[in-house]
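Only the coordinates and a few stated rules stand behind these numbers; no lab work does. Nothing here was measured: the structure is a model prediction, and the numbers come from that model. Virtual Cβ from ideal backbone geometry, glycine too; neighbours counted across all protein chains shown.
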Amino acid sequence: KVHVIVSESCRSFGDCIRDIDAKGLIRSDFVLLEPGIVGNIKLLPIIKKHSEICKFDKGAAMTLILQEAGLGQRGRCAFEELLLVSTSNKRVLLHQKLGLSKEKKIQLPLEMLTDNASVNIYHNLKDTHIAVCSASVLPLFSDNFDFQTKDDFVRGLLMNEEILGSTIYWHQIKGSQYAAAVTNWRMYQSVSRDIVHRWLYPLVPDMGISSQERNYIHLQNNIYRSKDVQVTQSSSLIEDVIIGRGSSVGDDTKITRSIIGEFVDIGENVNVTDSFIFSNTIIRNNAVITNSVIGPKCEVRSGCTVTNASVLGRGVVLPENTIISNNLIQSE
């Protein structure tokens, strides 16, 4: 069963947690997923492990789920995570997002090293934005109104562990398991690329809802085409391309490392590189689109150039031969 709860008084993540606590909706362990999650993690073993930890540590509040950011996923995380943990039980002693810190040096409290027989330091991790929580997380948010985000909660518990009497643990996922949150355009691009490269298998474009409804054909060089896409023989789909149903590609057009939505009409001699074109959009002849986002129901007329991280909002119409560079354009 899925219960959708709406509250007009919530203005932050922390307010939502406090509202859930006030309504008494959750009184046991739960999985916390922040907005925009995409993943294929097997959560049940992690939940069971968290329950086992709670039997030995009554103050265990949360198990963070982090992913190894290896060379194959270089640049996939918005901020590098630093973690100092106890080797014996995986209890988190220090958690810091290095991308948010302007300091070149990291200060480690001496007692963290002297009070633990062995510690590990990790800096090759990224946040999956998923955590397994004990029921105590809700009242902790209610008692501390300065907790507005999950990061506030983790930082507050680690800084005031003796006062609040709560601890944080962590779990690392490796191999074929994957999770990330789409929180900005950079992460939207990164997650989209990971989907194209099949990091989220079995959540891949050609998976389909069922064996009878597999709309995409998977071709060489990570090309995904809907079955009814019209592509001329002189056009080129080079690599890492998804084209949705009802779309068409004209003569001498080149598309690479881009995602094309449904019912998109792309004309002749068009060059699309490292970009996203949303549904029901028209790209006229001789247009050039690089490193940009074209919103739904837009029209980019002949000879236009959209480049350098530009974003066109819904319904934007660009006159012929317009050049847009590093700009956000919205329709009236």
Self-check item: Proximal charge balance of L318 [Cβ under 11 Å; K/R count +1, D/E count -1]
Solution: 0
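Per DSSP helix of 4 or more residues, -39500 (n - 2.57); summed, then divided by the residues of the chain. What does that give at 222 nm, rounded to the nearest 500?
Mean residue ellipticity, 222 nm, calculated: -5500 deg cm²/dmol.
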Quiz item: Share of Cα-Cα pairs in the chain beyond 28 Å, in percent?
Solution: 53 percent
Quiz item: Quick one: net charge of A309's neighbours, Cβ under 15 Å, K/R +1, D/E -1?
Solution: +1
Quiz item: How about K254: which lysines have a C-alpha closer than 22 Å to its C-alpha, ignoring those fewer than 8 places off in the same chain?
Solution: K227, K297
Quiz item: Are any of the pairs K55/K97; K42/K90; K126/K174; K42/K174; K48/K97 more than 21 Å apart by Cα-Cα distance, and if so, which?
Solution: K55/K97; K48/K97
Practice problem: Select from I223, I277, I17 the residue whose mean-square fluctuation is largest in a Gaussian network model of the chain (Cα-Cα springs shorter than 10 Å). | Solution: I17
Practice problem: Give the peptides 319-328, 142-151 in descending order of average Cβ contacts within 10 Å, highest first. | Solution: 142-151, 319-328
Quiz item: Using the Cβ atoms and a cut-off under 13 Å, what net charge is assigned to the surroundings of S247, where Lys and Arg are +1 and Asp and Glu are -1?
Solution: 0
Practice problem: Let me see the pair-distance distribution of region 283-332: every alpha carbon pair, 10 Å bin width, integer percents in order. | Solution: 32, 64, 4
Exercise. Return the tail of the calculated pair distribution for region 205-332, meaning the percent of Cα-Cα pairs more than 16 Å apart.
Key: 58 percent
Quiz item: What helices does the chain hold that run 20 Å or longer along their axis, going by alpha-carbon atoms, with a Kyte-Doolittle average of 0.0 or more, using DSSP H for the helix calls?
Solution: 43-56
Quiz item: Where is the GNM fluctuation largest for the chain (alpha-carbon springs, 10 angstrom cutoff): L125, L84, L219?
Solution: L219
Self-check item: Other-chain or far-sequence residues with amide H under 5 Å of S310's (modelled H)
Solution: V293, N326, N327
Exercise. Compute from the Cα atoms of region 86-192 the Rg and the Dmax, the latter being the longest Cα-Cα distance, and quote both in angstrom.
Key: 15.5, 44
Quiz prompt | Part-to-part distance (alpha-carbon centres) for region 27-47 and region 286-306, which is given in Å | solution = 38 Å
Exercise. Would you work out if region 172-245 is rounded, prolate or oblate? Take a ≥ b ≥ c from the square roots of the eigenvalues of the alpha-carbon gyration tensor; rounded if a/c is under 1.5, else prolate when a/b is larger than b/c, oblate otherwise.
Key: prolate
Quiz item: Using the Karplus equation 6.51 cos²θ - 1.76 cosθ + 1.60 (θ = phi - 60°), what ³J(HN,Hα) coupling, rounded to whole Hz, does each residue of region 243-254 give in order, writing x for Gly and Pro?
Solution: 10, x, 5, x, 8, 9, 10, x, 5, 6, 8, 10
Quiz item: Counting every Cα pair in region 148-281, what percent are over 18 Å apart?
Solution: 63 percent
Exercise. Place a +1 charge on the Cβ of each Lys and Arg in the chain and a -1 charge on the Cβ of each Asp and Glu, then give the dipole magnitude about the Cα centre in debye, rounded to the nearest 20.
Key: 580 debye
